[in-house]
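Structure first, then comments.
The values are calculated or read from the model by the stated rules, or taken from the named source; none is laboratory data. In this text the structure is predicted, and so the values were computed from the model without any measurement. In this analysis, Cβ positions are derived from the backbone assuming ideal geometry, glycine residues included, and neighbour counts consider all displayed protein chains. Only protein heavy atoms, including side chains, enter the accessible area calculation; ligands, DNA and RNA are left aside. Shrake-Rupley method; radii C 1.70, N 1.55, O 1.52, S 1.80 Å.
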Amino acid sequence: MAGGGGEGVSLEYTPTWVVALVCTVIVAISLAAERVLHYAGKFLMNKKQGPLFEALLKIKEELMLLGFISLLLTVFQNRISTICIPKHLTNHWLPCNNSLPNHDDDDDHGKSTAGGGGGGHRRLLAGPSDSLGYCEKKGMAALLSLKALHDLHIFIFVLAVVHVVYSALTILFGTLKIRQWKQWEDSIQKKEEQDPEKGHEKVTHVHQHDFIKARFRVCGKDSALLSWVHSFLKQFYGSVNESDYTTLRRGFIMNHYRDNPKFNFYKYMSRAFETDFRKVVGISWYLWIVVVVFLVLNVHGWHAYFWIAFLPLILLLIVGTKLEHIITELAQEVAQRHVAVTGELVVKPSDHHFWFRKPRLVLILIHILLFQNSFEIAIFFWMLVMYGFNSCIMGQVGYIIPRLVIGVLVQFVCSYSTLPLYAIVTQMGSSFNRAIFGEDIQVKLTGWAQKVKKNKPNRKTVGGGGSSGGGGGGEGSGSNQVSDKEPPSPLPPAAIGQQSATESTIESDDRK
């Protein structure tokens, strides 16, 4: 009844009230988590936070995917445990040294209980004990033991939790940073309301402008190295100051929204940041490749996770430096072409400042470094819970502490500085973000674009049919075409002139 070899009791001999109690607790916890996410979504929708709601849906999708992976491991665990391989293949690429098999087997299995009684109770998920010796009877080794499969379940759960927590911290720190820009926007709007013609009449001495003095005169036109060093350091203190915000705002409006000088750049930036955040929280296919590579490299003596911890830090410094240097390049372009200008200083946005002329490439790098960093922290907590702080798989303290420090530093700097910096600098490209329109207008534009695209084949058919479709049919067709071509009424004049560009922008964003 009790089961031999630490196998545990099967459901056949388990009291029904125990089974019902455990199921009730698990279902209750699951429903509570689902209700929390549901009400969080309703709250975001009531606050008209469409992009954040989509980000929440993205997180739910990732949790569902991780849950499905865990389900597959549970369903096929007995079949996986009966896959046998030659024993000599299991003696290489080990996370822990296997030179003392008896010691490792007993000690590590005991540690993995993390305060619970013996390793045997974890085999409740394992199934029949026959599979434990199935490969041994053949003189071979199991591809993956049942206990290793259980540990893998726990890792997937920890990875999901850390990913959700990191996503929440990312939006929290990023929002706190962007809120600082609101007072600058309010100040600019107030000045323009008081004297709208003041900026057009004055003469601006370019080299005396705060933006030029901070970005160009500090480095000089002949010192490229000094310019990069200044950009590297600038990301750690005042990555975007008031003169940067004012100048970039003016450059964006004059190039993309000239007919509306009172355009609220702060609200646009907030929506753009939320839209970018929606793409950052997902786990794309190439990130799973990164996970697999990291798991392979976790070999004893390599200290792979220690060296891997530096990769997100290096990526973070490269991306932050590049974004700061783009602002410096915009200042250099203006300073080298003009001594004085009539009106306010205006920079010229262009894609050629970005790598391969693709501003979105920077967001992909930010996505990779954030996920890589969350994976690093998830691995640490998983090892801590499953095997203990002093286990061989955890490594030496001298390697653990720097990993934690780097992980916290990368999370804070990327969320509070780099991602908001990207949100404003990426607007210095040749195109604009779909967040330039409000949520309601985005919905109408998307529906209008899809409707026009859907009716294109019908229009060709009607045009090829000539006059054969006269009478009531022709009248109905004409009325449909008029309604399709009608732009949504809330669109401002400048937006109406950019409908085709907006349509392509919306479609490309949806594909991404």
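Odds and ends about this structure:
- In sequence order, calculated HN-Hα J values of region 236-243 (Karplus, 6.51, -1.76, 1.60; Hz; x Gly/Pro): 9, 9, x, 4, 9, 9, 5, 5
- Listed residue pairs exceeding 26 Å between alpha carbons, taken from Lys191/Lys322; Lys60/Lys451; Lys358/Lys451; Lys58/Lys358: Lys191/Lys322; Lys60/Lys451; Lys358/Lys451
- Remark: accessible surface ordering of Asp244, Asp259, Asp210, Asp351 (largest first) is Asp259, Asp210, Asp351, Asp244, probe radius 1.4 Å.
- Over region 296-395, the alpha carbon radius of gyration divided by the compact-protein estimate 2.2 N^0.38 Å works out to 1.69.
- Computed with every protein chain present, the accessible area of Cys135 is close to 0 Å² [probe 1.4 Å].
- Amide H to amide H distances under 5 Å link Ala141 with Ile85, Lys87, where only residues 5 or more positions off or on other chains count and H is placed in the peptide plane.
- Separation of the alpha carbons by more than 29 angstrom is noted, of Lys267/Lys454; Lys42/Lys454; Lys42/Lys147; Lys213/Lys262, for Lys267/Lys454; Lys42/Lys454; Lys42/Lys147.
- Rounded Å value of the spacing that divides the Cα centres of region 17-94 and region 395-418: 26 Å
- Exposure of Val408 as accessible area (Å², to 10), given a probe of 1.4 Å and all protein chains: 100 Å²
- Spin-label model, Lys358 to Val296: label points 7 Å out along the Cα-to-beta-carbon direction sit 2.3 nm apart.
- Measuring only protein heavy atoms, the 1.4 Å probe finds Ser431 accessible over about 70 Å².
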